[in-house]
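Comments concern the structure below.
The values are calculated or read from the model by the stated rules, or taken from the named source; none is laboratory data. This structure is a prediction, so every number in the text was calculated from the model and none was measured. Note that each Cβ is placed from the backbone with ideal geometry, even for glycine, and that neighbours are counted across all protein chains shown. Quick note on the areas: whole protein, heavy atoms, side chains included, nothing else; ligands and nucleic acids left out. Shrake-Rupley method; radii C 1.70, N 1.55, O 1.52, S 1.80 Å.
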Amino acid sequence: MAVPRSVLPLLFLCFPLCWAQFRSVHDMIYVNITAQAPCVRLMNATHQIGCTSAVSGNVGVLHYCAEQSDVDWLIQSAKNKPYMPLMVPRLFTYENVQGLRASGKISGILVAYGNRSDPQPPQAGFSPVHKCPNDGYGMYSDHPEYAHCKNTTWNPLGSGLSYLDYDFPMSLLVNQSDIDYLIDCHNRFNKYDNDSNQAYPLCAVQIKDRMDGAKDSITCIRRSNLNINLNPFVYCDALGDKNVWGTLRPLNKSTPLNDSKELIVASAKIDTWSLFHNVGGVGANDATGFIALLAAAEALGKLDQVEKNAMKDLMFVFFQGETFDYIGSSRMVYDMRRGEFPAKLNDKVPWQPSLVNTTNIQYFLEVSQVGLWEQSGGLWAHSDPVSQKTSAVRDNVNAIFSAIENATDSTNISIGKPPSFQALPPASLQRFLREDLGVPGIVLSDHMAAYSNNYFMSRLDLPAEIGMDIPANLKPDEAYDYTTKQGESLTKVATVIARTLYQLASNKSPSEAAKITASSSTINHLLYCFLQHANCPLFAEVLSSKSVAALKSLPGPLPRYVSVPQNAANQISQVVANLLTFYLGERLPNLNTPTECKTPRYDHINSYIFMNGRPVVNTTDNTTSYASFCMRASVQFSTAVSPAFLSNEMLHSNEYSTWTESRWTVLNAKIFLVSSEAEQTITLSVGVVVILVSLVLMYFVNTKSDVLFTAPEAEY
Amino acid sequence: MNLNRVKDEDKLELCRKYYYGGFFALPFLWLVNVVWFFKQAFIRPAFEQQQEIKSYIIKSLVGCILWTAVLVTWMTIFQMYRADWGEIADNMSFIIPKGIA
């Protein structure tokens, strides 16, 4: 059959139009969920945890659960399975998730994040991690008395919800408009989905977030390294990032630490985790440790250079990935023991820091969660009973404790020692002691035994839970400067830390240490920037102009999930590094452009960072410029990737963290109306019947064509 | 090629070539042979080369069935135990499925 020429252009015109038509049909059927934080799959050497959808996504009838009775109805009497419950935060508990899972009636779970001001956490507390965090990777993994938190259950509310393997997706909805739309859709179509009435169509949700990795880290790393395929595929990546460390005074290899035991280490961890991927603003009490340590670093950084030179070496360390079986600290200790920390000595580099080993550490002070000390009767100094059997270690631990005692005396905080049968809580210090029992250390925290924090390692460890309520009527710049209850109490803690470190490093009397005070406005700003809004004046001042621009689009705080290693450090590690440089370093007024402010190639001791500075408004033409400046400090990144991934033996050794994150390619969720199965079957059957009938019809028409159609007179 | 236009002795030659070719681990060649020469071997009235063609076709058919049986058995075993075999199975695979053990 020849197509008339005039039709051809029409046909070409029709293709894009028809396609556009198809798109709009798609849009008429589906409404996309704009933002979600999915639960993703993680793996260690033996297990996979987290969630995944089926390859083509999971579909379920939406059911809004606002009350416990709604969940019970789903488990007991719902008939139109599978369901996709949308739960308020209060109902997302271990019991409900397990009940729904066991009922076999759900194909996924949606959780409403709720308004930030009204997250409605479960009253009894919520901690989805283990009762004994990082069990097996600390120093007591096979100790007869202390292994598996035998003496003290640190996190009694821990349900282990995050550590289970789910074969359905779970997502946190972070956009209130999505939640409103879903509730509205539920109210219009699904409200009558009860025992007596099952009226279709029903509102349904599809989630697609298929995970690529499976089984365990060993399997997925092996598969990623297979070279049989023409286009190799990576199934998972090791978790990791960068630790941040800096010294009050530069370490130089010209004066090695080799034989002296005169180094003081102050550490805190920066990362946290929640079941839902990369949710920002979680882990408020978890963050108090490193915030207090940063403020203490600022207080000590203000000392004049003469005094700094007279003091012992003081090193601040901010560990990444500690949540996942001590990634950051285990790597640092590994590097130290091999003589590779901060870096192997190289004769070609004139300026290099001296090697640091665990044997150089005289005092180790770790700041753990410290936000809730007022509720638990003061600060608590935890130490390890095993290493203190040696008198030298015991003496040094006692020296740290008396320094803290002196510092708390002058700030009206009480400091206590937990009973002597108690071992160390989960802490980076444990990784140091695991390798070297000669490290004298104390872990400072706000709990004597079990955590004071009822929302440990969950998305509900929110600023409001640690007394950081900011009156709603304040403008952003007022809120930024506002002193919350937490701000007040954390300033005291930071002061205690600064005075303790000063006293340990300088051997001066407690009364002289009392001249050092952490700045309360620094604490206010750090709390606000890390836990409320990352797009804040302090971060805008200390970051590079490029990073500041990246923060502009961020509505809340920075996520603190360790994530997988990229070329550059995580945003959060970068911010901590810049702040530490800002607090410890010196301004270089002669270097005024980013190109001038570059770390020289021969200098491996210092980092030069060009900071964006404060905005300066030019009154004559109302333009804003920035008072950018160059800072130099001995602040560095160090690798925070588990040593397990360095060799196959170590991967199998059970000695180091083996956590990996699965990759995924698609991540979306959409809402649509679904008809009953009977209706779907009828539609399909009718279609098939129509095709068959027309085929038969055509066959007969074809055989009888000479009868039906009279051939026109031959025209050729 | 239209078999009707080929002489009977050439048909036998062709059938034999396909039969021997199948021994190079090419069971599909045997299948083609069986389908192609089925009419010649079993339906057409007897002719001189028919007995020989028939024997080749039967042997091709048997070989093809044996191959199929072996392959189906292996595929079933492999699919059932792939996850348990771990590394060995991964090394045997050309495409490893995503998201399952």
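A few notes on this one:
- Filtered residue count, the range A:546-581, keeping only those that are charged (D, E, K, R) and closer than 15 Å to A:L526 by Cβ: 1
- Annotation note: Cβ proximity below 7 Å between a residue of the range A:200-214 that is away from chain B (no Cβ under 14 Å) and a residue that is buried (at least 22 other Cβ atoms within 10 Å of the Cβ) and in a loop (DSSP other than H, G, I, E, B) (sequence gap 6+ or interchain) occurs for A:I207/A:S53; A:I207/A:G108; A:I207/A:P169.
- Residue list for the range A:29-52, filter: open to solvent by less than 40 Å² (accessible area, probe 1.4 Å), within 22 Å of the chain's Cα centre (by Cα) and closer than 29 Å to A:S675 by Cβ: A:A35, A:Q36, A:P38, A:C51, A:T52
- Residues located in the range A:56-88, provided they are in contact with a Leu (Cβ under 7 Å, 6 or more places away or on another chain) and over 17 Å from A:F168 (Cβ atoms): A:Y64, A:Q68
Yes/no per residue for (1) open to solvent by less than 10 Å² (accessible area, probe 1.4 Å); (2) farther than 27 Å from A:T358 by Cα:
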| site | (1), (2) |
| --- | --- |
| A:G441 | yes, no |
| A:L444 | yes, no |
| A:Y455 | no, yes |
| A:L460 | yes, yes |
| A:M468 | yes, yes |
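- Residue-level check: of (1) under 21 Å from A:Y137 (Cβ atoms); (2) surrounded by fewer than 24 Cβ atoms within 10 Å (Cβ to Cβ); (3) touching a Phe, Trp or Tyr at 6+ places or on another chain (Cβ under 6 Å), A:F318 misses just (2).
- Only listed residue being open to solvent by less than 30 Å² (accessible area, probe 1.4 Å) and at pLDDT 95 or above, chosen from A:V97, A:V61, A:V88: A:V97
- Some residue of the range A:223-243 being open to solvent by less than 40 Å² (accessible area, probe 1.4 Å), within 14 Å of another protein chain (Cβ to nearest Cβ), in contact (Cβ under 8 Å) with a residue 24 or more places away in the chain and over 26 Å from A:H604 (Cα atoms): yes
- Hey, A:T517 within 30 Å of A:E262 (Cα to Cα), of a type outside the set (G, A, S) and open to solvent by 30 Å² or more (accessible area, probe 1.4 Å) or not: yes
- Single residue of A:E374, A:E405, A:E366 found to be surrounded by 16 or more Cβ atoms within 10 Å (Cβ to Cβ) and without any contact (Cβ under 8 Å) to a residue 12 or more places away in the chain: A:E405
- Verdict on B:F23 being within 14 Å of chain A (Cβ to nearest Cβ) and either outside any helix (DSSP H, G or I) or surrounded by 13 or more Cβ atoms within 10 Å (Cβ to Cβ) (or both): no
- Of the residues making up the range B:33-63, just one is surrounded by 14 or more Cβ atoms within 10 Å (Cβ to Cβ), out of contact with any helix residue (DSSP H, G or I) (no Cβ under 6 Å at 6 or more places or on another chain) and either at positive phi or modelled with pLDDT of 95 or more (or both), namely B:K59.
- Of all residues assigned to the range B:46-59, none qualifies as being free of Cβ contacts under 8 Å to residues at least 24 places away in the same chain, within 14 Å of chain A (Cβ to nearest Cβ) and of a type in the set (S, T, N, Q).
- Residue within the range A:282-305 that is within 30 Å of A:Y83 (Cα to Cα) and more than 12 Å from chain B (Cβ to nearest Cβ) present: yes
- Tally, over the range A:133-177, of residues that are assigned to a helix (DSSP H, G or I), open to solvent by less than 10 Å² (accessible area, probe 1.4 Å), out of contact with any strand residue (DSSP E or B) (no Cβ under 8 Å at 6 or more places or on another chain) and in contact (Cβ under 8 Å) with a residue 60 or more places away in the chain: 1
- Top-ranked residue in the range A:647-659 [being away from chain B (no Cβ under 14 Å) and not in a loop (DSSP other than H, G, I, E, B); ranked as surrounded by the most Cβ atoms within 10 Å (Cβ to Cβ)]: A:M650
- Put simply, of B:D90, B:D84 the only residue that is within 14 Å of another protein chain (Cβ to nearest Cβ), in a helix (DSSP H, G or I) and surrounded by 13 or more Cβ atoms within 10 Å (Cβ to Cβ) is B:D90.
- Going through (1) open to solvent by 80 Å² or more (accessible area, probe 1.4 Å); (2) over 30 Å from A:S224 (Cα atoms) one by one, B:T68 falls short only on (1).
- Taking the range A:474-508 as the range and being more than 14 Å from A:E307 (Cβ to Cβ) and free of Cβ contacts under 8 Å to residues at least 40 places away in the same chain as the test, the residues that pass are A:L474, A:K475, A:E478, A:K485, A:E488.
- Meets criteria (within 14 Å of another protein chain (Cβ to nearest Cβ) and in a helix (DSSP H, G or I)) for B:N33: no
- Of all residues in the range B:1-16, those that are open to solvent by 20 Å² or more (accessible area, probe 1.4 Å), in contact with a helix residue (DSSP H, G or I) (Cβ under 9 Å, 6 or more places away or on another chain) and not aliphatic (A, V, I, L, M) total 2.
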